[in-house]
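Peer 1: Below you'll find the structure I mean.
The values are calculated or read from the model by the stated rules, or taken from the named source; none is laboratory data. What you see is a predicted model, and the numbers here were worked out from it, not measured in a lab. Here Cβ is always computed from backbone atoms with ideal geometry, including for glycine, and neighbour counts include all displayed protein chains.
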């Protein structure tokens, strides 16, 4: 398959990437029509309230994009004529393997399978897909703030598939970061994870407060936000999930500290303080302390 052969993109697991599939027909598949209807409304709302005001697309383009999006909870209908799949089902290798195996039976032989996994290596479930040579990770970041996408093959990925997926990423105005081998966290997330782990460890081992860790980062790097502010933006449930996963899936000595960090995050999760989206995490929103001009001086009153 070449780029020109890709016409229809199937997204497994309703999400918000529809706006960026410029020129492609997009089908969303999920197990529930209710979930799908909600997702389509969310996509249109995000387009009209964010992408249009930000001049990323016009109102006319939004109408055209929405006109190319369909949704179905029928797997056979979803798979029909699919040229490329973008999978975003839960981060469980057994679930991903089961879903891909199902669609391997339903999709045309030409269909390329891509996974948007954040945690897992494609090689963990490549064999179960039925077409490991056509499986590759295509990992999107927050499409509202960046157009960087990771392209990561596993050892059995066909080089021709790597090339097509690279070209596909470029065609939807993404910046493809090409990984030469599998790596946990891809590129940016691997760097960000190290920063967040170091920040959490500084707090959980009693070295410094949340605020002073952020002040150190912001003051030296001249950044408008620190590691704990960034974790609030990512969502503390997501950050906890990542830490808890690695605490149970690595034999390294640091795993004990990762578990301590995960337990610290769980306190916030259990209270429903998940970060910016719930208006409270390490900071209170919409006006977090770190956004105050006095924050770096330490004079901000709580």
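Peer 1: Here is a list: 159, 227, 155. Which entry is out of contact with any strand residue (DSSP E or B) (no Cβ under 9 Å at 6 or more places or on another chain), farther than 30 Å from residue 283 by Cβ and at pLDDT 95 or above? Don't jump to the end; show me each part of the working.
Peer 2: Details: 159 fails: out of contact with any strand residue (DSSP E or B) (no Cβ under 9 Å at 6 or more places or on another chain); 227 fails: farther than 30 Å from residue 283 by Cβ.
After ruling out the rest, the residue left standing is 155.
Peer 1: Applying the selection to region 262-276, what residues are more than 22 Å from residue 117 (Cβ to Cβ) and surrounded by 14 or more Cβ atoms within 10 Å (Cβ to Cβ)? Please lay out each step first, then the result.
Peer 2: Taking region 262-276 as the starting set, the residues that turn out to be more than 22 Å from residue 117 (Cβ to Cβ) are 263-264, 266-268, 270-273, 276.
Answer for region 262-276, where residues must be more than 22 Å from residue 117 (Cβ to Cβ) and surrounded by 14 or more Cβ atoms within 10 Å (Cβ to Cβ): 263, 264, 266, 268, 273, 276.
Peer 1: Of the conditions (1) buried (at least 19 other Cβ atoms within 10 Å of the Cβ); (2) within 24 Å of residue 43 (Cα to Cα); (3) at pLDDT 90 or above, residue 100 fails just one. Which one is it?
Peer 2: (2)
Peer 1: Examine region 215-224 for a residue that is modelled with pLDDT of 90 or more, closer than 20 Å to residue 119 by Cβ and either part of a loop (DSSP other than H, G, I, E, B) or not assigned by TED's automatic domain parsing to the domain that holds residue 150 (or both), and state whether such a residue exists.
Peer 2: The initial filter retains those residues of region 215-224 that are modelled with pLDDT of 90 or more, namely 215-224.
From what is left, the residues that are closer than 20 Å to residue 119 by Cβ are none.
No; the residues of region 215-224 include none that is modelled with pLDDT of 90 or more, closer than 20 Å to residue 119 by Cβ and either part of a loop (DSSP other than H, G, I, E, B) or not assigned by TED's automatic domain parsing to the domain that holds residue 150 (or both).
Peer 1: With the requirement that a residue be farther than 14 Å from residue 116 by Cα and touching a helix residue (DSSP H, G or I) at 6+ places or on another chain (Cβ under 6 Å), what does region 172-182 give you?
Peer 2: 172
Peer 1: Being assigned to a helix (DSSP H, G or I), surrounded by 19 or more Cβ atoms within 10 Å (Cβ to Cβ) and modelled with pLDDT of 90 or more narrows it down to one of 240, 246, so name that one. Can you show your working first?
Peer 2: Numbers: 246 fails: modelled with pLDDT of 90 or more.
Every option except 240 fails the conditions.
Peer 1: Considering only residues that are over 14 Å from residue 10 (Cα atoms) and without any contact (Cβ under 8 Å) to a residue 40 or more places away in the chain, look in region 23-39 and name the one that is surrounded by the fewest Cβ atoms within 10 Å (Cβ to Cβ).
Peer 2: 34
Peer 1: Which condition breaks for residue 13 when tested against (1) in contact (Cβ under 8 Å) with a residue 12 or more places away in the chain; (2) under 30 Å from residue 248 (Cα atoms); (3) loosely packed, with under 15 Cβ neighbours inside 10 Å?
Peer 2: Only one criterion is unmet by residue 13, namely (3).
Peer 1: Continuing with this model, one more query. Whether any residue in region 244-258 is assigned by TED's automatic domain parsing to the domain that holds residue 290 and either in contact with a strand residue (DSSP E or B) (Cβ under 8 Å, 6 or more places away or on another chain) or within 19 Å of residue 272 (Cβ to Cβ) (or both) is what I want to check.
Peer 2: First, pick out the residues of region 244-258 that are assigned by TED's automatic domain parsing to the domain that holds residue 290: 244-258.
So of that shortlist, the ones also either in contact with a strand residue (DSSP E or B) (Cβ under 8 Å, 6 or more places away or on another chain) or within 19 Å of residue 272 (Cβ to Cβ) (or both) come out as 244.
Yes: region 244-258 contains one or more residues that are assigned by TED's automatic domain parsing to the domain that holds residue 290 and either in contact with a strand residue (DSSP E or B) (Cβ under 8 Å, 6 or more places away or on another chain) or within 19 Å of residue 272 (Cβ to Cβ) (or both).
Peer 1: For region 164-190, name all the residues that are surrounded by 14 or more Cβ atoms within 10 Å (Cβ to Cβ), free of Cβ contacts under 8 Å to residues at least 40 places away in the same chain and in a helix (DSSP H, G or I).
Peer 2: 166, 169, listed by residue number.
Peer 1: Which of (1) part of a loop (DSSP other than H, G, I, E, B); (2) touching a helix residue (DSSP H, G or I) at 6+ places or on another chain (Cβ under 9 Å); (3) modelled with pLDDT under 95 does residue 193 not meet, given it meets every other one?
Peer 2: (1)
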